Structures are given as structure tokens and as C-alpha cells.
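Student: Submitted below is the structure of interest, expressed as C-alpha cells.
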Amino acid sequence: MRLSTFYAPTLKEDPADAEVVSHKLLLRAGMIRKLTAGVYTYLPLGLRALNNVANVVREEMNRAGALEVLMPAVQPGDLWKESGRWNVYGKELLRFTDRHDRECCLGPTHEEVVTDLVRHEIRSYRQLPLNLYQIQTKFRDEIRPRFGLMRGREFIMKDAYSFDKDETGADTSYFAMYDAYARIFSRLGLRFRAVEADSGPIGGSFSHEFMVLAATGEDTIVACSACEYGANLEKAEAVCHVAEAASFCPPAEAVSTPGVHTVDEVAAFLGVSADRIIKTLLYVADGRVVAALVRGDRELNEIKLKNVLGATQMELAAPEVVTRVTGAPVGFAGPVGLGVDVVYADKELFGRSDWIAGANAADAHLRHVDLARDVKVECYLDLRQVAAGDMCPKCGQPLLFTKGIEVGHVFKLGTKYSTTMGAMFLDEEGKERPLIMGCYGIGVSRVVAACLEQNNDEHGIVFPPPMAPFEVALLNLSPKDETAMAKARELHDLLSGMGIAVLLDDRDERPGVKFKDADLMGFPMQLVLGGKGLARGVVETKDRRTGEKGELPLEGFAEAFAIFRQGVLDGWENRG
RNA sequence: CGGGGCGUGGCGCAGACUGGUAGCGCGCGUGCUUUGGGAGCACGAUGCCGGAGGUUCAAAUCCUCUCGCCCCGACCA
């Protein structure tokens with residue numbers, strides 16, 4: 001390919017509306033352009049990178065035994081009503097009606113469609129297992145799309161769905177996908193970690209997320225410093241420190257705390273540390289008012305609470321609700337004599353007494369609270385957010401916190417969809433049973449963005465070779481010189497003949513422009529053909545990642561290049 | 001949806017408070033020079049100042065309404 005006839009409009013300056021580095025670089029390197037919020041056009045370079053990711057994904061899915069299909073983007077609302085998600089998916093599901101007034105939506109995911117497909121075809125256990133996948137455009141009407149390709153409304157996703165006859169088979173399918181994902185992200189040159197995750201509204205019994213490690217990640221992941229344990233913060237299990245022996249607790253008594261609302265204020269006012277205080281949080285979950293108790297120095301993990309309640313909707317109680325159930329303004333809620341439907345406590349509160357808590361009266365708190373004596377606690381559970389200083393639930397070593405970008409997610413779904421949508425098969429005994437499903441997603445376009453978050457420097461993109469739109473940039477510094485141009489074409493054709501994607505910069509530009517653009521666009525290898533080297537019969541080389549420069553002889557170029565290339569690839573493989 | 005910010009040649013920005021000829025840098029076109037890390041000089045083109053109302057002799061500038069974009073939050077694979 002020749003750059004003079006290619007379309008890669010690079011920008012010298014950062015676009016005003018790009019915040020994160022991947023977004024800036026994708027725009028500056030001429031890979032994407034925005035149409036509207038969260039919706040992008042892929043320009044030739046961006047599309048090549050995207051396709052490279054898709055092809056690696058495709059190869060590994062095929063290797064794992066999954067079969068590629070392509071499902072529609074437009075889906076009938078009736079299917080979603082059948083699965084029960086029409087009313088729970090919310091505004092993220094873009095709905096519209098067609099000319100016959102039939103309700104439709106743009107597919108944010110394809111459990112319904114694939115389940116519908118399979119229920120018409122699968123009759124017997126002999127047809128199982130089956131794993132279908134597609135690489136397709138998804139639309140999710142995000143509340144707030146941001147960061148370019150990182151969180152778009154329209155994006156490219158690989159989604160796979162497995163169908164098995166029993167739990168053993170389903171687990172096998174799940175781990176086949178898990179392994180395929182690990183291979184995919186490794187091959188693409190990403191630093192990542194697979195972590196335990198909450199399964200969210202799609203439902204299911206267990207799941208893992210594949211996180212690309214990057215400071216700009218929107219997720220926080222917790223990983224053990226010693227063992228393999230890793231989890232999304234929202235899932236991470238909190239280890240309970242050993243409770244002190246319960247001592248004698250005097251009767252609870254009210255103390256006046258005028259205008260003292262927050263835990264910190266109470267601690268300061270009463271001269272105690274925050275871990276002696278009970279924080280009482282009130283939520284409305286599916287219409288019920290519930291109280292969640294955590295230690296004053298802890299944060300409640302809302303996902304854990306929501307899962308415990310099995311609630312579909314849960315939100316922090318509004319001030320009016322707080323006033324109604326506590327009889328006091330916000331800031332004085334406590335578990336004793338609280339007018340809520342149910343009280344849950346973090347397990348850390350178990351076995352200790354003599355707490356300080358809100359008195360459910362304006363400007364007052366209670367001291368000497370004993371939960372076992374004074375409160376009807378429904379259950380003591382893990383409700384709190386894991387925090388710095390916590391230990392690994394598996395091995396007891398310290399946990400580390402890092403930021404990550406979710407690029408893949410594997411779910412074991414079970415029979416959630418097959419049951420509600422009637423996707424059944426006959427087992428060996430002729431008995432009808434629901435298919436056991438799993439679903440597995442990779443944000444293909446997000447992988448590109450996540451990759452750039454990890455692989456860039458002050459000059460621009462540093463593409464890992466498997467993802468690079470072109471592996472080699474061949475810069476001809478003297479495009480007007482017939483001899484040089486002929487040589488450049490010869491090298492270009494030679495490399496192309498070797499199956500290497502090479503972009504020849506034959507533009508009538510000054511050398512500096514070519515160097516800057518090649519660096520910005522991030523091609524792993526640069527070959528420079530200029531007057532200086534040409535006279536001596538050599539081509540200069542640069543490894544984009546290390547910046548290391550060298551020379552290759554024009555005589556016996558193919559062999560010398562192969563060695564150079566292997567060196568660059570090995571460097572990527574063995575980088576620290 | 002709450003909070004904040006921004007819409008001015010293709011891109012990045014100034015001008016607005018205090019109304020009075022729409023400007024700068026980059027890019028673009030032509031010519032000459034230059035040619036190993038985003039060239040120099042000269043000439044030139046490109047604006048319904050996001051849109052609609054209003055105030056005024058006069059609006060990019062003041063007022064009202066609207067549309068779009070970005071950031072923080074809530075939410076989310």
C-alpha cells in the first residue's frame with residue numbers, strides 16, 4: 001500500500017473533545033472520526049487494526065470449536081418480552097416501532113435471538129454441545145458514552161453462546177472459552193488479568209472478566225500479591241478480621257450530638273475512632289425499605305447488598321423516606337428501633353458490642369449499642385467494600401488495587417433463558433430438559449482502545465505487531481529521485497510478497513513529516529530509504545517500541561529483514 | 001437525570017465583561033527557495049460566529065428558548 005493514495009488524515013494537535021490517550025491517538029493518527037456521541041466511523045487504518053483483532057478472535061474461537069454465525073442487529077420486541085428483559089433492560093435498550101407499529105429494538109446483546117434460533121433446531125442431546133459466535137455491531141444507548149472507542153454506544157463485539165446437555169459439559173464449554181480468551185489477549189500483546197466478577201443483570205451463576213491493566217480503566221480490580229486470586233472490586237470478598245471477645249456492654253443510652261451527622265463528625269465529637277461506630281444505610285429495594293449496617297470506617301458494597309436481597313431495583317432511600325422510618329432528619333439513622341422492613345449487617349459487626357450508632361432522633365446518637373441485644377438483625381453477611389489493607393480471601397496475603405479496562409466477560413448462564421424461552425432437548429432417557437447455556441463477550445473495538453492505553457509514548461501509538469494496521473512503514477525520503485523510488489517499490493513488493501503488510505510513504509513531504517507520522521501511527525517497524533543509506537547500499541531500521549535503530553544491506557535484503565523482524569517480534573514477546 | 005464547561009474558516013484557539021469593519025497559529029491553493037525529525041518567504045481562498053426568537057440605529061458580544069458536544073456524578077457489559 002502506498003501512503004500517497006491512502007487515506008490517513010493525521011492531526012498535529014490533540015482534538016478538543018478527547019480526554020484519554022487512546023481517544024486522542026485514534027483521532028490524531030487518522031484511525032477514527034466521530035459521527036455523534038459514542039458513534040464512530042473507522043477510517044482505513046482503524047479498520048485494519050480492528051480487523052486484526054477480529055481475526056485473532058476468530059481464529060481462537062474456531063480453534064476452541066465455536067462456529068461463526070451472523071445475527072441481526074434489529075430484533076423484535078416480542079422476543080425480549082418473552083425473556084422478561086423488555087421491562088428490565090431499561091433505557092440502554094434502544095426501542096422503536098416499525099411501519100406496522102411493531103415494537104423493535106437494536107440488539108445490545110443476543111441471548112434472545114440465539115436462544116430463539118436454537119430452540120427451533122435443537123431436539124436431541126446428540127446435537128450438543130454447540131457453541132455459536134458472531135462478530136457484530138452492538139448498540140447500547142449508554143447514559144454517558146465517553147472516551148472514544150472505550151465506551152461507545154455503537155461498538156463491535158464478539159459474542160458467543162454455548163449450549164450443553166449437563167453441568168459438566170457447560171463447565172467444559174466455559175473453561176474452553178476462558179482459555180481461548182487468555183490466548184486471544186496474550187496473542188494481541190496485552191497485559192491483562194482474569195478476575196472474578198459479578199454476573200450483573202444478564203444473570204447466571206459465575207463469571208470472569210478479562211481486564212486490560214491501565215491507569216485510565218473505569219474498573220477497579222483487586223488482585224492478590226501472592227496467589228492467583230483476582231476480582232472486580234464489586235465482587236471482591238472481604239475477609240473478616242477476628243472479632244474481639246465480647247465484653248460487658250452497659251445499657252444503651254442517648255447522647256446529645258447537635259448538628260453532628262457524618263461518621264467522621266461523630267467520631268471527632270465523641271472522641272472515638274470510626275471503627276467503633278455503626279454506619280446505617282437505608283435503601284429502597286423493589287419497594288421494601290431495608291437497612292444495611294457497616295462499620296463506620298467501611299464502605300457498603302451496593303452490589304453485594306443488591307445480590308443478597310435478590311432485588312432488581314435498589315436505590316439509596318430519599319430524604320423523605322429516611323425521615324419517615326427514622327423519625328429524624330438524615331444523619332441520625334441507627335439500627336435500634338428503626339422502622340424498616342429488614343436489617344442486614346456486615347459480618348464484621350458480629351460478635352462485637354458497645355457500638356455507637358444514630359439514635360433515630362434529631363441531634364442524638366446512642367452509645368453502648370449491642371446488636372445481639374438491641375436489634376433484630378436478619379443476617380450477618382459480607383456487605384462491605386474491600387479496602388486497602390485487606391487480605392486475600394484465598395491465601396491471606398495483602399491485596400493490591402489496580403485499574404482495569406474490561407475487554408472480555410465470560411458468564412455461565414445456566415438455564416435462565418432456555419427455561420423462560422422454552423429451549424429444550426431430549427436427553428439420553430428421552431426426558432425433556434432445558435439447554436444449559438453460557439455466554440462470552442469480547443469488546444473488539446474496545447480492545448483496540450485498551451491496547452492503545454497500554455502501548456503509547458510521547459510520539460504516538462506503539463502497536464503490538466499482531467494488531468498493527470501495517471507491520472512495516474517504509475519511508476522513502478527522496479520520492480522524486482527515480483532510483484530511490486524504484487528501489488522503494490522493489491522493497492515494498494518484496495515484503496508484500498513475503499506476506500508482510502507494508503505501507504510505503506511515497507508522499508512528496510519533507511523527511512520530518514514522514515518520521516512524525518510513522519511514529520504517530522505506531523507501525524512496529526520502520527524502514528528508512530534515504531540518500532545517505534542508499535549511497536552505501538543500506539536501509540535504515542527502527543524498532544518503534546524500543547526506538548533502537550540499525551541498518552540492513554540491500555544486498556540479501558530479504559534474509560537480513562527476516563532476522564530484523566524476528567528480533568522485533570522477540571522483543572515484544574519478552575518485554576518486561 | 002443532577003452539577004460544571006464549551007459551540008467563532010478543515011483543526012486548535014482569541015475576540016464577549018465594556019455592542020460599532022471577525023482575528024491568530026496550523027492546515028489548504030499558487031509561485032520561488034528548501035529537503036534526514038511536523039521548512040522559509042510572498043500572494044491567495046475559505047465564516048449565516050450551532051439554530052430560532054427578542055432588545056438596539058447597530059448583536060459573535062446583551063436577554064429568552066432550543067440543539068449539539070465534552071467532563072464529574074448517578075448508571076452500566
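Quick note: the coordinates plus some simple rules give every number you see, no bench work behind them. If you're wondering where the values come from, they're calculated on a predicted model, not measured in any experiment. Neighbour counts run over all protein chains shown; Cβ positions are idealised from the backbone, glycine included.
Student: State the percent of C-alpha pairs, over all pairs in the range A:470-573, separated by a distance greater than 16 angstrom.
Tutor: I get 52 percent for the Cα pairs in the range A:470-573 exceeding 16 Å.
Student: Next question. Which of A:Lys81/A:Lys138; A:Lys12/A:Lys480; A:Lys91/A:Lys376; A:Lys376/A:Lys412 have a Cα-Cα distance over 27 Å?
Tutor: Listed pairs above 27 Å: A:Lys91/A:Lys376; A:Lys376/A:Lys412.
Student: Just to check I understand the Karplus step: with θ = phi - 60° and J = 6.51 cos²θ - 1.76 cosθ + 1.60, what whole-Hz values come out for the range A:345-353, glycine and proline as x?
Tutor: 10, 5, 5, 5, 7, 6, x, 10, 9
Student: Say R0 is 25 Å: what FRET efficiency, to the nearest 0.05, do A:Asp286 and A:Thr420 get from their beta-carbon distance?
Tutor: 0.85
Student: Could you go through the range A:62-75 in sequence order and give the Karplus-derived ³J(HN,Hα) for each residue, using 6.51 cos²θ - 1.76 cosθ + 1.60 with θ = phi - 60°, rounded to whole Hz, and x for Gly and Pro?
Tutor: These are the phi-based 3J(HN,Hα) values: 4, 4, 7, x, 7, 10, 7, 9, 9, 9, x, 7, 8, 10 Hz.
Student: Given the pairs A:Lys165/A:Lys306; A:Lys34/A:Lys158; A:Lys235/A:Lys403; A:Lys279/A:Lys306; A:Lys394/A:Lys416; A:Lys235/A:Lys416, which are separated by over 24 angstrom at their Cα positions?
Tutor: A:Lys165/A:Lys306; A:Lys394/A:Lys416
Student: Right, here's the next one. What FRET efficiency, computed as 1/(1 + (r/R0)^6) with R0 = 60 Å and r the Cβ-Cβ distance, is obtained for A:Asp570 and A:Val342, rounded to the nearest 0.05?
Tutor: According to the calculation, E is roughly 0.50.
Student: Follow-up. With the contact rule set at Cα under 8 Å and sequence spacing of 6 or more, what percent relative contact order holds for chain A?
Tutor: Relative contact order here is 17 percent.
Student: Moving on. If N is the number of residues in the range A:1-58, what value comes out of its Cα radius of gyration divided by 2.2 N^0.38 Å?
Tutor: 1.19
Student: Report the local net charge at A:Ser273: Lys and Arg +1, Asp and Glu -1, summed over other residues whose C-beta lies under 11 Å from its C-beta.
Tutor: Once all neighbours under 11 Å are counted, the net charge is -1.
Student: Okay, next question. With a cut-off of at most 13 other beta carbons within 10 Å, and DSSP calling the residue loop, which GluC sites (Glu not before Pro) in the range A:520-573 qualify? Please list them. Before the final figure, lay out each step's value.
Tutor: On the way: sites: A:Glu540, A:Glu548, A:Glu551, A:Glu555, A:Glu559, A:Glu573; in loops: A:Glu548, A:Glu555.
Passing sites in the range A:520-573 are A:Glu548, A:Glu555.
Student: Let me ask something else. When the Kirkwood radius is taken over all Cα pairs of chain A, what Stokes-Einstein diffusion coefficient follows at 25 °C and 0.890 mPa s, in µm²/s?
Tutor: The estimated diffusion coefficient comes to 89 µm²/s.
Student: Residues in the range A:351-393, backbone N under 16 Å from the label point at A:Glu265 (7 Å along the Cα-to-beta-carbon vector): list them, ranges by number please.
Tutor: A:357-366
Student: In the range A:76-127, which trypsin sites (Lys or Arg not before Pro) fall in coil by DSSP and have 16 or fewer other Cβ atoms within 10 Å?
Tutor: Numbers: sites: A:Lys81, A:Arg85, A:Lys91, A:Arg95, A:Arg99, A:Arg102, A:Arg119, A:Arg123, A:Arg126; in loops: A:Arg85, A:Arg99, A:Arg102, A:Arg123.
Taking the range A:76-127 and a limit of 16 other Cβ atoms within 10 Å, the loop trypsin sites (Lys or Arg not before Pro) found are A:Arg99, A:Arg102, A:Arg123.
Student: Along Cα→Cβ, 7 Å out, is where each label goes; now give me the distance between the ones at A:Leu316 and A:Glu68 in nm to one decimal.
Tutor: The two pseudo-label positions are separated by 4.7 nm.
Student: Per residue and in cubic angstrom, what volume does the convex hull of the Cα atoms of the range A:253-381 have? Intermediate results must be reported in sequence, preceding the final value.
Tutor: On the way: hull volume 11.5 nm³, N = 129.
Dividing the Cα hull volume of the range A:253-381 by its residue count gives 89 Å³.
Student: Using 0.36 nm times the number of residues separating A:Tyr7 and A:Phe96, minus their current alpha carbon distance, what extension gain do you get?
Tutor: On the way: separation 89, 0.36 × 89 = 32.04 nm, distance 3.58 nm.
So the extension gain works out to 28.5 nm.
Student: Just need the relative contact order of the range A:470-573 here, percent rounded to a whole number, with Cα pairs under 8 Å and 6+ apart.
Tutor: Working: 150 pairs, mean separation 27.8, N = 104.
That works out to 27 percent.
Student: Computed on alpha carbon atoms, what radius of gyration and Dmax characterise the range A:242-322, expressed in Å?
Tutor: Both quantities, over Cα of the range A:242-322: 15.2, 41 Å.
Student: Please give me the summed charge of the neighbours of A:Thr115: other residues whose Cβ is under 12 Å from its Cβ, Lys and Arg +1, Asp and Glu -1.
Tutor: Surrounding charge for A:Thr115 is -2.
Student: Now for a different question. Within the range A:130-170, which residues have the backbone N less than 12 Å from the label spot 7 Å out from A:Asp17 along Cα→beta-carbon, could you tell me?
Tutor: Counting only backbone N, you get A:145-148.
Student: May I pose another question? Could you run the Karplus curve 6.51 cos²θ - 1.76 cosθ + 1.60 with θ = phi - 60° over the range A:321-334 and give me ³J(HN,Hα) per residue in whole Hz, x for Gly and Pro?
Tutor: Here the 3J(HN,Hα) series is 5, 4, 4, 5, 7, 9, x, 8, x, 4, x, 10, 6, x Hz.
Student: Relative to the longest principal axis of the C-alpha atoms of chain A, give the angle of the C-alpha long axis of helix A:482-497, reported between 0 and 90° and rounded to the nearest 10°.
Tutor: Relative to chain A, helix A:482-497 is tipped by roughly 50 degrees.
Student: Given 0.36 nm per residue, what is the gain on full extension from A:Arg433 to A:Glu482 after removing their alpha carbon distance, in nm?
Tutor: Computed gain between A:Arg433 and A:Glu482 is 10.3 nm.
Student: Check each of the GluC sites (Glu not before Pro) in the range A:463-535 and keep only those in coil by DSSP with at most 15 other C-beta atoms within 10 angstrom; list them in order.
Tutor: In loop regions of the range A:463-535 (DSSP not H, G, I, E or B), there are no sparsely surrounded GluC sites (Glu not before Pro).
Student: Taking chain A as the reference, fit the longest principal axis to its C-alpha atoms, fit the long axis of helix A:444-454 to the helix C-alpha atoms, and give the angle between the two in degrees, 0 to 90, nearest 10.
Tutor: Between helix and principal axis, roughly 90 degrees.
Student: Report the local net charge at A:Met157: Lys and Arg +1, Asp and Glu -1, summed over other residues whose C-beta lies under 9 Å from its C-beta.
Tutor: Combined, the nearby Lys, Arg, Asp and Glu give +2.
Student: I'd like the orientation of helix A:511-521 relative to chain A: the angle between its Cα long axis and the longest Cα principal axis, in ° from 0 to 90, rounded to 10.
Tutor: Its long axis makes an angle of about 40 degrees.
Student: When the helices in chain A are scored as -39500 (n - 2.57) per DSSP H run of 4 or longer and the sum is shared across all residues, what 222 nm value do you end up with, to the nearest 500 deg cm²/dmol?
Tutor: -8500 deg cm²/dmol, from helical runs alone.
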